[in-house]
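All of the numbers you see were taken from the coordinates with simple rules; none came from a lab. Here the structure is a predicted model, which means the values were calculated and not measured. We place every Cβ from the backbone using ideal geometry, glycine too, and count neighbours over all the protein chains shown.
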Amino acid sequence: MKSIETAIETTIMAARWLLIVFYLGLGAALIVYAISFIYKFIKVASGVLEYEEGEMILAMLGLIDAALVASLLVMVMISSYENYVSRLENANTELSWLGKLDSGSLKIKVASSIVAISSIHLLQVFLNANQYTDMKIVMFMLLHLTFVVSALLLAIVDRISSKTKDPKQP
């Protein structure tokens, strides 16, 4: 019976390496997104003398938004690999934040990033308010507030769980 249990546990532990497929996929998505960013940047740079101030602000917000999304991808790839698959060799020297990200704090960082991305989108909507109906603007605001409340609740739950967690537990 013990050998069956050991075989099951070994299989489950080995299955975590399947996550690498997802992380490599996120890496490939990051490459595609980088190409998209370069295209957007060239488009903005070529129109810099033609854009009005509002259009330039919207273009810059689009670039900031892309950078936040790319950073979110990298954060999820690296910290998820570290938490669920294997420790990274140079994590302590190159990525000082990495050892501090457990799955709970990763969720909070992801939620915070989503709030930041949503804020940029909402600002873009407000700058182009004449292109949206009042109802659509209200819906965008409600969606953003949902993200904000969710991030706050995640932070509260993480704080409560960290206070009640036994320090001997991983």
### Task
Order the peptides 151-160, 48-57, 105-114 from the highest to the lowest mean number of other Cβ atoms within 10 Å of their residues.
105-114, 151-160, 48-57
### Task
Enter the per residue convex hull volume of the chain, computed from alpha-carbon coordinates, in Å³ rounded to the nearest integer.
178
### Average Cα contact separation per residue, the stretch 2-164, under 8 Å, 6 or more apart, as relative contact order %
22
### Task
Eight or more residues apart or on different chains, and alpha-carbon atoms under 27 Å: count the Lys pairs in the chain matching that.
12
### Message
Tell me the net charge near Val48. Cut-off is 15 Å between Cβ atoms, Val48 excluded, with +1 for each Lys or Arg and -1 for each Asp or Glu.
### Response
-2
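Using DSSP H assignments, which helices in the chain have an axial alpha-carbon span of 24 Å or above and a mean Kyte-Doolittle hydropathy of -0.5 or higher?
Membrane-span-like by this rule: 19-46, 53-84, 103-127, 134-164.
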### Message
I'd like the FRET efficiency for Ala15 and Asn128, computed as 1/(1 + (r/R0)^6) with the beta carbon distance as r and R0 of 45 Å, rounded to 0.05.
### Response
0.45
### Query
What order, most packed first, do the peptides 78-85, 26-33, 132-139 have when packing is the mean number of other Cβ atoms within 10 Å of each residue?
78-85, 26-33, 132-139
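Taking the Cα centre of the chain as origin and charging only Cβ (+1 Lys, Arg; -1 Asp, Glu), how large is the dipole, in debye to the nearest 20?
Here the size comes out at about 600 debye.
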